[in-house]
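Have a look at the structure below, then the notes.
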Amino acid sequence: MTKQWKLKEIVLMSILGVVFGVIYLAFFLVGEGIRNILAPLGLAPFGYEVIYGVWFIVAIMAAYILRKPGVAFTAEVIAGVVEILLGSAAGPGLLLSAAIQGAGAELVFALTGWKDYRLRVLVLSGISTAVVSFAWHLYSAGMIALAPWLIISTLIVRIISAALISGVLGKWLSDQLAKTGVLRGYALGKDLQRKRKYESA
């Protein structure tokens, strides 16, 4: 499998980045709503954590679909740029967070030599992103000031969210998209075609 990006792959990765950049921005409002609901219970820090996997999903999906080095990182950065351009309250600092998240996702794929895209690898990539981003947010977002039990609890919730949303849901969404035939010219689509031929043989 060639590691050089084709133009159509760059275009698809960019489209995914733009689409999820819009989705990411919308989910800030969802997170704020959950946070407000949990605040009276003293659980406001969990508001965003329960859905945090949403903000990693484009990295996992793009990597799973295209299967090339650097795709997870780049797709996440593109989504971050889109959020900034759309006026995210996080401002330019969001680009650094996006890069850190993208690097966290890319790490696991790199460890497999960008050759293994099974569900467990996608889940591990989501978990890696959760851990790396959490380490960054401990200081950049001031989470280090929370009580120890809250720090540990929010990390666990973020890991679970990342595993389920970015890993499991990300794979499912990609597979459903591939079944429509629109990804037939990409790595995931070709893999699906090979499996169908094998099953029909």
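The values are calculated or read from the model by the stated rules, or taken from the named source; none is laboratory data. Predicted model only: the values in this text are computed from it and were never measured. Using ideal geometry, Cβ is built from the backbone for each residue, glycine included, and neighbour counts are taken over all protein chains shown. When the accessible area is computed, the model is the full protein with side chains, heavy atoms only, and any ligands, DNA or RNA have been set aside. Shrake-Rupley method; radii C 1.70, N 1.55, O 1.52, S 1.80 Å.
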Interatomic Cα distance distribution for the range 116-201, bins of 10 angstrom, percent: 17, 33, 24, 15, 9, 2
Heavy-atom surface of the chain, accessible at 1.4 Å and reported per residue (Å²): 50
Peptides 90-103, 47-60, 19-32 ordered by average Cβ neighbours within 10 Å, highest first: 47-60, 90-103, 19-32
Magnitude of the charge dipole, the chain, Cβ model with Lys/Arg +1 and Asp/Glu -1, debye to 20: 1020
Rounded percent of accessible protein surface that carbon and sulfur make up, the range 66-112, 1.4 Å probe: 78
Convex hull volume per residue for the range 2-200, taking Cα atoms only, in Å³: 121
Within the chain, longest stretch free of exposed trypsin sites (Lys or Arg not before Pro) [DSSP loop, at most 14 other beta carbons within 10 Å]: 7-114
Which of I51, F134, L122, positive extreme of dipole for the range 2-200 (C-beta unit charges): L122
Under 20 Å from the W172 label point (7 Å along Cα→beta-carbon), backbone N, the range 43-70: 49-65
Rounded Å value of the spacing that divides the Cα centres of the range 1-55 and the range 84-147: 11
DSSP H segments from the chain that extend 24 Å or more along their own axis, Cα-based, with Kyte-Doolittle mean of 0.0 or above: 7-38, 93-111, 119-140
